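Novice: Structure provided below as structure tokens; questions to follow.
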Amino acid sequence: MRKAGIRVFLCFFIAAVLLLNSAGCVRIAAKDLMEGVNQQPVVGKTVDDAFISSSANFAVELFKKTVTQGENSLISPLSVMLALAMTANGADTQTKAEMETLLGGDIPLEELNEYLYTYIQNLPSDEKYKFEIANSIWLKDDDSFEVNPDFLQTNADYYDTAVYMAPFNNQTLSDINNWVRKNTDHMIDKGIDEFNPNAVCCLINAVVFDAKWETKYSKKDVKEDEFCAYDGTVQNVEMMSSEENFYLDDGMATGFIKNYKDGKYSFAALLPNEGVSIDDYIASLTGEGLVTTLTNKSGRGVNVEMPKFTNDYAITMNDALKALGMTAAFDAETADFSKLGTSSYGSIWLDEVLQKTHIEVDENGTKAIAVTFSFSFTTAAGPSRTVKLDRPFVYMIIDNATNLPIFIGTVLGIK
């Protein structure tokens, strides 16, 4: 007989490339538990090849498992990494071991916390571009549920989480959606619609990235053209032309890197060679190979033609995470979230991990929004090459210091 259990409700939220400023004061009625959980100083761990390798592998493998054949896709591996790492701080035994292996390979969770702390602290943000991360944990105010203080302390120390206690009623829904609204520059009005009655915890991660191109497109750089979609249809698009300094070639695809202002972040695209399908190309990707391709970019220059595009994507990640080895967390019989807390009603396990994303790429720069919910209960010679993105391609927003993808997706058709 399947034993009773409690679904830990973890909402992982990500928003990127936003242009609106937050307006007005957002009121949250929930009790702020951070009054009793003071952030303690921690010593981070310098980002090194081990962290970059494991993070790139996680990003690519998660991307491969969450692509829907025939559809445009977009995920934020960084947001999922942060959300799951915070969740893993509440896990133990096999559940913790599986999450550790998925997120960090051979890196123990305690070291991964230190790596992520340093990595996030060093992601640049200023008036030229915006990169912000916010985290919050919402706990159900219920006598049957007791949270482990060490779980809150660890996440407060390494991830600067806000912590709230609330009854998980309509007012709590309003509070959570107000928090989401505030931490996404009012671009997302509603994060969740309702609570599962068995939910005892809601974890939210918000990432905001807002950047303009280093060199903007002018009107003369944009023209009407055609894009051959995945299904064979020919679509009319607005194609943007430019000369870029960095050319990519991994043997199966060619592409380019286009900087955002100040050169801290970039847009990268890889177009499979003629005769290589987008599905076969994605299947061939590895974390090590992707980082090598981005690191070994050529400075010979490249003529680029890229369509304006927008995309919305939603993916339930349960099957992907299970396929990558994280199975115990989703099973009430095997899940061990005893370091998160306890409930008199039974065990605590993850019920669903869902991510929704939105992106816009145009003359000015890039706007992207990604929302993840988890319910548980480069100076080069003149251009000599051309890359025209007129058929399905892979694209990324990358952190130039590490060449790690913050976002990674596909364009199979233009909307």
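Throughout, read-outs are computed from the coordinates displayed, never taken from laboratory work. If you're wondering where the values come from, they're calculated on a predicted model, not measured in any experiment. Quick reminder, even Gly has a Cβ in these numbers, built from the backbone with ideal geometry, and neighbours come from all protein chains shown.
Novice: If the reach is capped at under 15 angstrom between alpha carbons, list the aspartates and glutamates near residue 388, excluding any in the same chain fewer than eight residues apart.
Specialist: Leaving aside aspartates and glutamates fewer than 8 places away in the same chain, those within reach of residue 388 are 221, 224, 225, 226, 238, 243, 244, 249, 274, 305.
Novice: Which cross-chain or sequence-distant (5 or more) residues have an amide H under 5 Å from the amide H of residue 161, H modelled 1.01 Å from N in plane?
Specialist: Those qualifying (amide H under 5 Å, at least 5 residues apart or on another chain) are 156.
Novice: Using alpha-carbon positions, what is the distance between the centroids of segment 234-295 and segment 80-127, in Å?
Specialist: One Cα centre to the other: 28 Å.
Novice: Another question, then. In whole Hz, with x marking every Gly and Pro, tabulate ³J(HN,Hα) for segment 95-100 from phi via Karplus 6.51 cos²θ - 1.76 cosθ + 1.60, θ = phi - 60°.
Specialist: Whole-Hz 3J(HN,Hα) from phi for segment 95-100: 4, 5, 4, 5, 5, 4.
Novice: Could you check the spin-label model distance between residue 170 and residue 148? Points 7 Å from the Cα along Cα→Cβ, value in nm.
Specialist: 3.7
Novice: A further question on this structure: For a footprinting-style exposure proxy, rank 252, 317 by other Cβ within 10 Å, fewest first. Intermediate results must be reported in sequence, preceding the final value.
Specialist: On the way: 252 16, 317 23.
Ascending Cβ contact count within 10 Å gives the list 252, 317.
Novice: Another one. Which of 130/258; 219/258; 216/261; 216/308; 31/182; 65/297 have a Cα-Cα distance over 21 Å? Intermediate values should be presented prior to the final figure.
Specialist: Numbers: 130/258 17 Å; 219/258 18 Å; 216/261 9 Å; 216/308 13 Å; 31/182 17 Å; 65/297 26 Å.
With Cα atoms farther than 21 Å apart: 65/297.
Novice: Continuing with the same structure: Of the listed peptides 320-333, 154-167, what is their order by residue-averaged count of other C-beta atoms within 10 Å, with the highest listed first? Mind dumping the intermediate values first?
Specialist: Numbers: 320-333: 18.4, 154-167: 20.4.
Output ranking for 320-333, 154-167: 154-167, 320-333.
Novice: For Cα extents along the principal axes in Å, pick the label among (i) 67, 44, 43; (ii) 64, 48, 43; (iii) 81, 41, 37 that corresponds to the value derived from the coordinates.
Specialist: This structure yields the entry labelled (i).
Novice: Which of the three applies to segment 208-330, rounded, prolate or oblate, going by the alpha-carbon gyration tensor with a ≥ b ≥ c and a/c under 1.5 meaning rounded? Don't skip to the end; give the middle numbers.
Specialist: On the way: a/c = 1.60, a/b = 1.45, b/c = 1.11.
Taking the square roots of the gyration eigenvalues as a ≥ b ≥ c, segment 208-330 is prolate.
Novice: I've got another one for you. Which FRET efficiency value, to the nearest 0.05, is calculated for residue 122 and residue 327 with the Förster distance at 22 angstrom and r the Cβ-Cβ distance? All intermediate terms of the calculation are to be shown ahead of the outcome.
Specialist: Details: r = 33 Å, r/R0 = 1.51.
Plugging the Cβ-Cβ distance into 1/(1 + (r/R0)^6) gives 0.10.
Novice: Using a 10 Å cut-off around each Cβ, can you sort 385, 181 from fewest to most neighbouring Cβ atoms? Display every interim value, and only then the final one.
Specialist: On the way: 385 15, 181 19.
The order, fewest Cβ neighbours first, is 385, 181.
Novice: Simple spin-label model, 7 Å along Cα-to-Cβ: residue 38 to residue 385 in nm?
Specialist: Reported label-point gap for residue 38 and residue 385 is 5.6 nm.
Novice: How would you order 205-211, 135-141, 45-51 from highest to lowest mean count of nearby Cβ atoms within 10 Å? Walk me through the numbers on the way to the answer.
Specialist: Values: 205-211: 26.6, 135-141: 24.3, 45-51: 14.7.
The densest-packed peptide leads the list: 205-211, 135-141, 45-51.
Novice: Something else about it: Roughly what would the spin-label model give for residue 228 and residue 354, points 7 Å off Cα along C-beta, in nm?
Specialist: For residue 228 paired with residue 354, the spin-label model returns 3.8 nm.
Novice: Which order results if 213, 179 are arranged by neighbouring Cβ count within 10 Å, fewest first?
Specialist: 213, 179
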